[in-house]
Structure formats: C-alpha cells, structure tokens
1. What distance in nm separates the simple spin-label points at A27 and H97, each placed 7 Å from Cα in the Cβ direction?
2. Read phi for every residue in segment 116-131 and hand back ³J(HN,Hα) as whole Hz from Karplus 6.51 cos²θ - 1.76 cosθ + 1.60, θ = phi - 60°, with x for Gly and Pro.
3. With a sphere of radius 11 Å drawn around the Cβ of E154, what net charge do the other residues whose Cβ falls strictly inside it have (Lys, Arg +1; Asp, Glu -1)?
4. What's the ranking of 58-70, 95-107, 15-27 by average number of surrounding C-beta atoms within 10 Å, highest first?
5. Please list, ordered by chain and number, the residues whose modelled amide H lies under 5 Å from the amide H of Q152; skip anything fewer than 5 residues away on the same chain.
Amino acid sequence: MKTFWYQEPWAWLVFILPFTAVVAGIATFIIANTNPDTLVIDDYYKKGKAINLELGKVKQAQKLGMRFGLKLDGDQLTIRPTGIEKEFPLLNVNFYHPTLAHRDFYLALTADGNGNFTHFFESDQDTSGKWRVTISSFENHWKIQSVINLPQSEFIDITPNPTDVK
C-alpha cells in the first residue's frame with residue numbers, strides 16, 4: 001500500500017530539525033537587535049588619561065584623610081564624614097549600577113545640622129543590589145570610589161583606595 005509523504009514519521013523528522021534551526025535563528029536575530037550591546041570604551045587612550053587624572057583625585061582624598069560612612073535604611077540614605085572635621089557645602093554622589101546603565105543616578109547633597117548628608121528616596125525607586133558609589137567634592141578636587149551592596153542598616157566605611165579607580 002502506498003502512503004502519502006505527510007503520513008510518514010521520517011519525513012516529519014527530516015522537516016522539523018531544519019525548521020527549529022530557522023525559528024531559533026530568527027529568535028536570536030530579534031533578541032540581538034532589540035537589546036544591542038553598549039559600547040564600553042570608545043577611545044582607550046583618552047580613557048587611560050582620565051584614569052590617571054581620577055587616580056590623582058583619589059590620592060588627594062587619601063592625603064586629606066577623607067572617609068565617609070554610608071547607610072541606607074528603608075528609603076533614607078545617610079552619608080556622614082568620619083575622617084575629617086572639615087565641613088562640606090555640597091557632596092556629589094554618583095551611584096553606578098554594574099550592568100544596567102539606566103538605573104544610574106546622581107545626588108547633590110547638602111549637610112544637615114549634624115553634618116550628615118541625607119536623602120530620602122521615593123518608595124518606587126529600587127536601590128537594592130550592588131552599586132559603585134563615587135563621592136566627590138563640589139569643586140571636584142578629590143574623589144572616593146567604592147563598591148557596596150544596598151540596603152545597609154549599619155554604616156559602612158567608604159575610604160579612598162587607588163586600586164578601586166575605574
């Protein structure tokens with residue numbers, strides 16, 4: 001008895017393997033085009049010069065004895081100077097997410113009556129996870145960088161370390 005091709009199981013096996021490869025290729029193409037990779041560094045030479053400049057700012061912070069304590073308890077971020085008695089009119093604080101650039105944010109903080117720098121986040125802003133924090137002066141003469149995990153209910157030390165410069 002003669003059967004049609006679509007009634008043969010081997011015919012379906014021969015067709016299904018290339019078909020799944022085509023579907024997977026199309027899915028990969030769509031994923032690659034909707035989530036393009038960001039360019040990490042455009043000009044390596046300029047970035048190298050900038051790292052040397054940033055390293056000088058970290059060494060300046062080290063020489064001045066800059067240290068800060070940072071905690072995020074609930075929606076309240078508190079940064080307090082612990083290494084120097086100097087008063088700062090304004091601190092520049094940058095939070096960089098390690099993988100999601102759209103979550104990065106910047107804060108310009110002024111001191112309260114106790115000398116602490118406080119910021120209250122909106123309840124819908126997600127600040128949990130790993131962050132690279134950069135604290136610098138308003139004049140940008142010194143800089144401190146550290147990698148932290150938030151939230152932190154106790155103060156964590158943020159100290160200038162030249163090996164943390166990136």
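Each reported figure results from applying straightforward, stated rules to the coordinates on display, with no laboratory input. Because the structure is predicted, anything quoted here is derived from the model rather than measured. FYI the Cβ positions are ideal-geometry reconstructions off the backbone, even for glycines, and counts take in every protein chain you see.
1. Calculated label separation equals 2.5 nm.
2. After applying 6.51 cos²θ - 1.76 cosθ + 1.60, I find 8, 9, 10, 9, 9, 7, 5, 5, 8, 7, 8, 10, 7, x, 8, 9 Hz.
3. Details: positive: K71; negative: D73, D157.
Around E154, the surrounding residues sum to -1.
4. Peptide ranking by packing, descending: 58-70, 95-107, 15-27.
5. Those lying under 5 Å, H to H, from Q152 are L72.
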